[in-house]
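Below: one structure, written as structure tokens.
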Amino acid sequence: MGLWDRIARFASRRSGSVGSELRDGFDDWDMSDAGVPVTSLRALQHVAVMACVSIVAEDVAKIPLDLYRRLPNGGKEPARGHWLRPLLRNPNGWQTAFEFKEMMQASLLLRGNAYAVAIRDDRGIYPVKLIPIFPDRVTIYEAPNGEVFYVVTRNGLHETAMLRDKPLFIPAEDVLHLRWLSTWNSLLGSNRIQMMRESVGLAMGLEQHQARFTGQGARSGGVLTTQGKLTQEVREQIASDWKKQRSGPRNSGLTTILEQGLEWKPLGLTMVDSQFIESRAFQLRDVCRAFNVPPYKIAIEGESEGPAMVQMGQEYLNGPISGHCERWKATGEKFFGIDGDDLFLGWDYSHFLKADLSSRYVAYRQAVGGPWMSPNEARRAEGLPDQQGGDIVFQPTNMAPLGWEPPERSTSAPGSDQTGMPGQGGDGDPERDPADDEAPSN
């Protein structure tokens with residue numbers, strides 16, 4: 001227990017200002033039935049957990065988050081001049097917005113909670129810095145009147161300096177707290193890794209077993225037998241020589257010469273019979289299910305074939321990524337006092353929604369001729385400069401409102417038709433004077 005934890009517990013007992021301490025319900029549940037201890041940090045040593053956490057954290061971090069103002073016509077525009085926008089672009093002096101979001105999202109995935117302490121301006125009104133805190137060093141306390149406080153065990157000179165003006169019990173309004181699935185208490189998110197402890201423990205156990213298997217020269221355990229009687233010294237010498245000659249991947253496949261009538265009898269199943277590869281592949285998919293990550297994202301064979309990749313990518317965005325982003329949005333609007341109506345936080349998913357070049361160009365052609373997009377809007381979406389006259393929205397000339405009937409056709413006008421549409425001739429052309437069609441009088 002750290003110094004700050006001891007001070008906090010002493011203060012809570014002495015002052016009575018804080019009623020109870022909240023901790024994750026899985027604090028002591030670190031040993032899996034597979035015999036492998038599973039904690040959030042140890043789980044990162046497994047490739048599937050590391051891949052799922054890093055991929056999701058990076059995907060959420062690279063989506064731009066901004067503050068928008070809703071327009072009367074239903075559109076939106078960036079809320080320029082608002083105090084929150086600089087904080088979203090630069091949460092503190094040493095992290096980029098990408099690094100901050102990545103760290104917070106990784107904490108959320110591994111521990112079900114992510115914390116950032118807000119440092120306010122000299123007037124104590126607007127946050128000017130967000131200090132991310134390692135979740136294992138945060139304890140939540142409940143006061144008898146229902147107030148919630150966060151006790152942070154300071155670590156390192158930098159973090160201590162950043163939080164020097166903060167009290168021991170930091171009020172909830174100064175802590176940005178992202179929670180994953182809350183089960184037993186609404187103030188604290190559940191630890192995902194501990195809830196999937198058995199799946200991760202089995203995956204790590206299989207990996208360690210195969211590693212030891214390879215370290216033993218990819219040979220099943222067995223016994224050396226002989227009809228004769230061996231002294232203790234000879235037995236130890238034979239065991240030592242056998243280990244040197246057969247252990248390790250470099251010695252795999254070497255020929256061993258047995259003396260004194262020794263005979264090797266393997267025990268247990270072979271590597272094929274035990275189906276390590278199939279078991280490990282299943283556990284990789286099981287970890288993906290726990291993180292709600294499609295297996296193709298961590299390069300599992302057979303999971304990324306054909307044109308279905310586009311649909312799978314869209315489902316990945318609509319599923320886990322949008323869920324995480326919505327949690328950030330709702331929590332951020334509440335923490336920063338944004339009403340969510342006139343002003344709201346929004347994510348720009350355009351990066352994820354970009355299809356291949358051919359599909360994008362076909363979509364732009366349909367949109368520009370829709371009509372709902374101008375040529376310049378399509379060019380901006382591709383990062384191209386505007387063209388003069390490119391802000392005009394076109395409409396198809398072969399379409400008309402429901403129930404519309406064209407005027408009678410003027411048969412005297414050469415080249416006229418029955419459309420009556422502007423620019424097409426006939427009585428419906430406002431630029432044509434009917435007197436021009438009359439024969440000149442003598």
Assuming R0 = 56 Å, what is the FRET efficiency of residue 282 and residue 392, from their Cβ-Cβ distance, to the nearest 0.05?
0.45
What's the extension gain from residue 125 to residue 45 if we count 0.36 nm per residue and subtract their Cα-Cα distance?
24.6 nm
With a ≥ b ≥ c taken as the square roots of the eigenvalues of the C-alpha gyration tensor of region 309-387, please select rounded if a/c is under 1.5 and otherwise prolate if a/b is larger than b/c or oblate if it is not?
oblate
With each label point set 7 Å from Cα along the Cα-Cβ vector, what nm distance links residue 350 and residue 82?
1.8 nm
Looks like region 3-197, by Cα gyration tensor root eigenvalues a ≥ b ≥ c and the a/c under 1.5 rounded cutoff (else prolate when a/b is bigger than b/c, oblate otherwise), is oblate
Going by C-beta contacts inside 10 Å, put 107, 358 in order with the fewest on the left.
358, 107
Would you mind ranking 125, 119, 321, 193 so that the residue whose beta carbon has the fewest other beta carbons within 10 Å leads the list?
125, 119, 321, 193
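Values quoted throughout were computed directly from the atomic coordinates according to the rules given, and no laboratory measurement underlies them. Since we're looking at a predicted model, the values are computed, not measured. Cβ coordinates were reconstructed from backbone atoms using ideal geometry, including for glycine residues, and neighbour counts include every protein chain displayed.
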